[in-house]
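Take a look at the structure below.
The values are calculated or read from the model by the stated rules, or taken from the named source; none is laboratory data. All values reported here derive from a predicted model rather than from experimental measurement. Cβ coordinates were reconstructed from backbone atoms using ideal geometry, including for glycine residues, and neighbour counts include every protein chain displayed. The protein model used for the area step is the full one, side chains on, heavy atoms only, and it has no ligands, DNA or RNA in it. Shrake-Rupley method; radii C 1.70, N 1.55, O 1.52, S 1.80 Å.
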Amino acid sequence: MDKKKFFKKYKIEKKKFALFLPTGPQYHDAKYLEKYFNICNFLLSKNFHVLLKLHPTEYNLNKISKYYSTSKSSDMLIKLQNVTLCEQSDFYSAIKYAEFIFSTHTTAYVEVNLMKKPMVFIDRLDFFGLKNKKFYQKRNKLGMHNIVDSQIA
């Protein structure tokens, strides 16, 4: 889909938008949902249009998680201004046109990397339950940092 048509379809009036890829609904406990909501609100506060691309299992009603019964995680956000829900079929266009891509944890990083787009993971190690100070050291320079230890090796 061309950019103009894509922006019109998703009511993206701003020149920049962020694609947010939440993880699967099976992990959406109260703590995760709070983080999810806070991430979206932060992006909105920075004047981004937020395009949510839900995990495919959120559309499988027979596989809905204990956290949602028949709703989707986006139900808490979709009523906000400048938040829209990306159709699964438009995922690659969303990656192509997004200025920034964020997630807490997703395997969609494969597609994002194949399309040579950067992705920002937010608190990804918390998702795995790792509480090691080595991972959270302040690093003033971009580069390679040895953060692998016995907890994740």
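Observations on the model:
- For Gly24, the conditions (1) at pLDDT 90 or above; (2) touching a His at 6+ places or on another chain (Cβ under 7 Å); (3) within 19 Å of Ile122 (Cα to Cα); (4) of a type outside the set (S, T, N, Q) are fulfilled apart from (1).
- Close pairs from the range 1-16: first on the phi < 0 side of the Ramachandran plot and open to solvent by 60 Å² or more (accessible area, probe 1.4 Å), partner of a type in the set (D, E, K, R) and in a loop (DSSP other than H, G, I, E, B), Cβ under 9 Å, at least 6 apart: Lys9/Glu87; Lys15/Glu99; Lys16/Glu99
- Criterion: out of contact with any helix residue (DSSP H, G or I) (no Cβ under 6 Å at 6 or more places or on another chain), open to solvent by 10 Å² or more (accessible area, probe 1.4 Å) and either in a strand (DSSP E or B) or modelled with pLDDT of 85 or more (or both) - qualifying residue of Lys96, Lys79: Lys96
- Neighbours by Cβ (under 8 Å, 6+ apart or cross-chain): first from the range 33-54, over 11 Å from Asn82 (Cβ atoms); second open to solvent by less than 50 Å² (accessible area, probe 1.4 Å) and part of a strand (DSSP E or B): Ile39/Phe20; Ile39/Phe102; Leu52/Phe20; Leu52/Val83; Leu52/Thr84; Lys53/Leu19; Lys53/Phe20; Lys53/Leu21
- Complete set of residues in the range 32-65 that are modelled with pLDDT under 80, among the hydroxyl-bearing types (Ser, Thr, Tyr) and assigned to a helix (DSSP H, G or I): Tyr32, Thr57, Tyr59
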